Amino acid sequence: MKISNFLMGEWREGSGPGIALVDPVTGEEVARASSDGIDLEAALDYARRQGGPALRALSYKERGALLAKAVEVLTANREKYADIALRNSGNTKVDATIDIDGGIGTLNFYARLAGKLGDAKYLKDPGFERMAKDEAFQGMHIWVPLAGAAIHINAFNFPSWGLWEKAAVAILSGVPVVAKPATSTALLSYAMVRDVIEADVFPKGALNLIVGSARDLMDATNGTDAVAFTGSAETAIKLRANGATLARGTRFNTEADSLNMSLLGPDVTTASPEFDLFIKEVTREMTVKAGQKCTAIRRALVPAKLANEVTAALEARLSKIATGNPRNEVVRMGPLVNRAQQAAAQDGIRTLAKEAKIVTGGAGGFSPVDADPKFSAFVAPTLLYCADPKAGKAVHEVEVFGPVCTLMPYNGLAEAYALAARGGGSLVASIFTADDAIAAEATLALAPYHGRVLLIDEKVGASQTGHGIVMPMMTHGGPGRAGGGEELGGVRGLRFYHQRTAVQGRLDRLQGLGIGAAEVIL
Ligand code: NAP
């Protein structure tokens, strides 16, 4: 089966054989995708001309109602999507839930948030600014939807969540979406978009889909568009540097890879509840989605005096994770998404192993449950121990996109903070401590290098949402190497898809304009 693109108001099949999408457990082909032969510049222009005005004619509340309709359609087809996530991504039930329900939940969150923005069609900062002696002359800032399109280029690990977390915010903002999921797992994105299109949820041109290569799409962007990219730092650099994007000043948001860390506080002992919570969280982050989460814990910093105990506890817990074909009920961790990713992860493990000792797992010699290693893409859960992280380089710089984490001992919090900063900017840091003063100090020390800080102690141990889980009400993104971007964060997410314009004039005129706006702080 060759999956189609939805562009210029219709389903269009790309020419040529296309690129094969495979089942990472069996190696069998599940579909093909191609965008070849399609005029992507014309497709982008169609989205701008048809989808944009149609969405902008609606209020935030009305656009929110469209998102709610999409939620209904997607929820009704959930089981079908879980099956696709198994066949094309090797997802366990838990993995599929995170991706599929995460996407639907984010759409739902923005559908509800729309209610707060009401009948307005544009936004406004609170208050007015006086600039002259004459009080009649004042200024204010309004936010209007961009006139172009939102181009969403996504990574392979979240074909549902990645698509909908971006689309929800753009569509609510009044900006049409051209979604370009990663080719290797595009079958799920395709199936979901197909259902929403067949149900006639959005106006024509508001939701568009490219399957297969993005080809020359970036060359067709202009200064009215906004590109939101999620993927590797390497691709981000290439796309950011695109001549057309640079010359026309196209907005560009990057969510790239990162060396997220978790800190076990110096106050913790093996008897503390925080010790068990830490072991549980590191294991979960290593094994959920086979570690293919941009937010997964890659570096676990532990007090040197507890290093042996943490190593033993993690090793014991990881040994209980059955890895293999998710169709087998005993299996808790599935494969990587394809053999190219498997090879890249194995290479990465070999690189880390030059600076760190492999405690469990490793780059080869592994027999998955119910799967043939000759065709499948499994990597064993791999824990490494870097005895001298101050001297290490790769352990702070190489993101192995798989079930891989490096333990690092630290002596004193100042050393831990310095090690954390060596990641060069990451999406998330978590801190496990029962001591409020340590929690406060560590938060402020780690915040400049992380987009999110998660504080865990016994009291929130059961209710916390997880180191790697992105919640729509909180911002997602990280400084430096993580791309310097920002997504979601409730109403703040709308900022990327709006133009802030300073309006100066007679106060009563500004007040008149302000009446039509929803007042927010973006
Ligand atoms: P990737 O190879 O960089 O690809 C990302 C996307 O870029 C894919 O859709 C890819 O399309 C597309 N692409 C590649 N070249 C392009 C070009 N010249 N023009 C337009 N689009 C182009 O990344 P990946 O391997 O899919 O994802 C894994 C990486 O993503 C990891 O490093 C991970 O940390 C990061 N990630 C970050 C986040 C976050 O939120 N920060 C979330 C998830 C993943 P094709 O598939 O067709 O090549």
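The values are calculated or read from the model by the stated rules, or taken from the named source; none is laboratory data. Note that this is a predicted model, so its numbers are computed, not measured. Here Cβ is always computed from backbone atoms with ideal geometry, including for glycine, and neighbour counts include all displayed protein chains. With ligands, DNA and RNA removed, areas are computed over all heavy atoms of the protein, side chains included. Shrake-Rupley method; radii C 1.70, N 1.55, O 1.52, S 1.80 Å.
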Quiz item: Of the conditions (1) in contact with a Cys (Cβ under 7 Å, 6 or more places away or on another chain); (2) surrounded by fewer than 17 Cβ atoms within 10 Å (Cβ to Cβ), residue 356 fails just one. Which one is it?
Solution: (2)
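Return the only residue of 383, 407, 444 being over 21 Å from the mean Cα position of the chain (by Cα), within 11 Å of residue 261 (Cα to Cα) and away from the ligand (no atom under 16 Å from the Cβ).
On the way: 383 fails: within 11 Å of residue 261 (Cα to Cα); 444 fails: within 11 Å of residue 261 (Cα to Cα).
Matching residue, one of 383, 407, 444: 407.
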Quiz prompt | Matching entry among 18, 27, 14 (being within 16 Å of the ligand (Cβ to nearest atom), open to solvent by 20 Å² or more (accessible area, probe 1.4 Å) and either without any contact (Cβ under 8 Å) to a residue 60 or more places away in the chain or of a type outside the set (A, V, I, L, M) (or both)) | solution = 18
Practice problem: Considering every residue within the stretch 371-390, establish whether at least one is part of a helix (DSSP H, G or I) and open to solvent by 10 Å² or more (accessible area, probe 1.4 Å). | Solution: no
Quiz item: Right, residue 287: more than 10 Å from the ligand (Cβ to nearest atom), of a type outside the set (A, V, I, L, M, F, W, C), closer than 29 Å to residue 183 by Cα and assigned by TED's automatic domain parsing to the domain that holds residue 333 or not?
Solution: yes
Quiz item: Within the set of pairs 6+ apart or on separate chains, which have a first residue in the stretch 219-234 that is part of a loop (DSSP other than H, G, I, E, B) and open to solvent by 30 Å² or more (accessible area, probe 1.4 Å), a second that is more than 7 Å from the ligand (Cβ to nearest atom) and among the charged types (D, E, K, R), and C-beta atoms under 6 Å apart?
Solution: 222/248; 223/248
Quiz item: Across the stretch 278-323, what is the total count of residues that are within 25 Å of the chain's Cα centre (by Cα), assigned to a strand (DSSP E or B) and of a type in the set (Val, Ile, Thr)?
Solution: 1
Quiz item: Filter the stretch 192-218 for residues that are open to solvent by less than 10 Å² (accessible area, probe 1.4 Å) and in a helix (DSSP H, G or I); which is nearest to the ligand (Cβ to nearest atom)?
Solution: 217
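Tell me the strands (runs of 3 or more DSSP E) entirely within the stretch 406-522 that contain at least 1 residues that are among the acidic types (Asp, Glu) and surrounded by fewer than 18 Cβ atoms within 10 Å (Cβ to Cβ). Give the steps one after another, and end with the answer.
Details: elements: 426-432, 450-456, 498-506, 517-519.
Hits in the stretch 406-522: 517-519.
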Self-check item: Scope the stretch 227-263; condition under 30 Å from residue 306 (Cα atoms), among the hydroxyl-bearing types (Ser, Thr, Tyr) and within 10 Å of the ligand (Cβ to nearest atom); matching residues
Solution: 258
Quiz prompt | Residue among 298, 317, 327, 284 that is closer than 18 Å to residue 86 by Cβ and of a type in the set (Lys, Arg) | solution = 327
Quiz item: From the list 136, 168, 147, 155, which one is within 16 Å of the ligand (Cβ to nearest atom) and open to solvent by 20 Å² or more (accessible area, probe 1.4 Å)?
Solution: 155
Quiz prompt | Where a residue in the stretch 430-448 is closer than 18 Å to residue 306 by Cα and its partner, wherever it lies, is open to solvent by 10 Å² or more (accessible area, probe 1.4 Å) and β-branched (Val, Ile, Thr), with Cβ under 9 Å and at least six apart | solution = 430/453; 431/438; 431/443; 431/453
